[in-house]
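Computed from the coordinates by the stated procedures, all read-outs in this text should not be read as laboratory data. Computed from a predicted structure; not experimentally measured. Note that we place each Cβ from the backbone using ideal geometry, even for glycine, and neighbour counts take in every protein chain shown.
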């Protein structure tokens, strides 16, 4: 376990940040994160974000909702309280579609919200970069690039020296 979280550099503008991310990825660093006060065009591509697993969680949640709705209706109408009204079958799927649909939507939306929170590591009341005094400006007018100390390239290269070569306003070593 390293005693530090990583290295942080502060940039004045979004194009500087995107260019710094591109150069850092080209150097071989892979455990990067960028912080900006607004969405930056091209930053996700520069960071090489991959597809998320949230759609799979939503699909599984929807399937569980539909299956749960069917099993609920079957258990109530065909097993626990079989009531033959007008000669209809006890297993009347068309009559159960509204309940199955509603449970599909409910569990899919819950899976979307909970999956997004879990995959984003939220809630996160503490993060090591919050220890950097100027990091509060990440929500107003500055852009930050961090390199994790667990990056394999950080073990063989000098990340702080490399960040300095990108000509940021300031750099920090971020403690845990």
Rg from C-alpha atoms of the range 89-151, normalised by the globular rule of thumb 2.2 N^0.38 Å, equals 2.10
At the level of C-alpha centres, the distance separating the range 61-89 and the range 162-176, in angstrom, is 62 Å
Stretched fully, the stretch from residue 81 through residue 153 gains (0.36 nm per residue minus C-alpha distance, one decimal, in nm) 19.4 nm
Taking Cα atoms only, helix 54-74 is inclined relative to the longest principal axis of the chain by an angle, in degrees rounded to 10, of 20 degrees
So, with points 7 Å from each Cα along the Cβ direction, the residue 88-residue 109 label distance in nm works out to 2.6 nm
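For each of 7, 35, 81, 126, count neighbouring Cβ atoms within 10 Å of the residue's Cβ, then give the residues from fewest to most.
Details: 7 24, 35 18, 81 9, 126 6.
In increasing order of surrounding Cβ atoms, one gets 126, 81, 35, 7.
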Least to most buried among 60, 21, 40, by other C-beta atoms within 10 Å and fewest first, runs 60, 40, 21
Tilt, helix 93-119 to longest principal axis of the chain (alpha-carbon atoms), in degrees rounded to tens, equals 20 degrees
Out of 78, 136, 34, a Gaussian network model of the chain with alpha-carbon springs under 10 Å gives the largest mean-square fluctuation to 78
By Cβ neighbour count within 10 Å, fewest first, 103, 166 rank 166, 103
For the chain, longest principal axis from Cα atoms; helix 14-27 axis from its Cα atoms; angle between them, nearest 10 degrees, is 90 degrees
Among the range 79-117, those whose backbone N falls under 19 Å of a label point 7 Å along Cα→Cβ from residue 67 are 93, 97, 99-112, 115
For the range 25-105, the Cα gyration tensor yields equivalent-ellipsoid semi-axes (√(5λ), largest first, whole Å) of 51, 12, 9
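Mind checking the alpha-carbon convex hull of the chain and giving the volume per residue in Å³? Present the calculation step by step, with values, prior to reporting the outcome.
Numbers: hull volume 28.5 nm³, N = 176.
Taking only Cα atoms, the chain has a hull volume of 162 Å³ per residue.
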Largest fluctuation, 87, 62, 115 only, Gaussian network model of the chain with Cα springs under 10 angstrom, belongs to 87
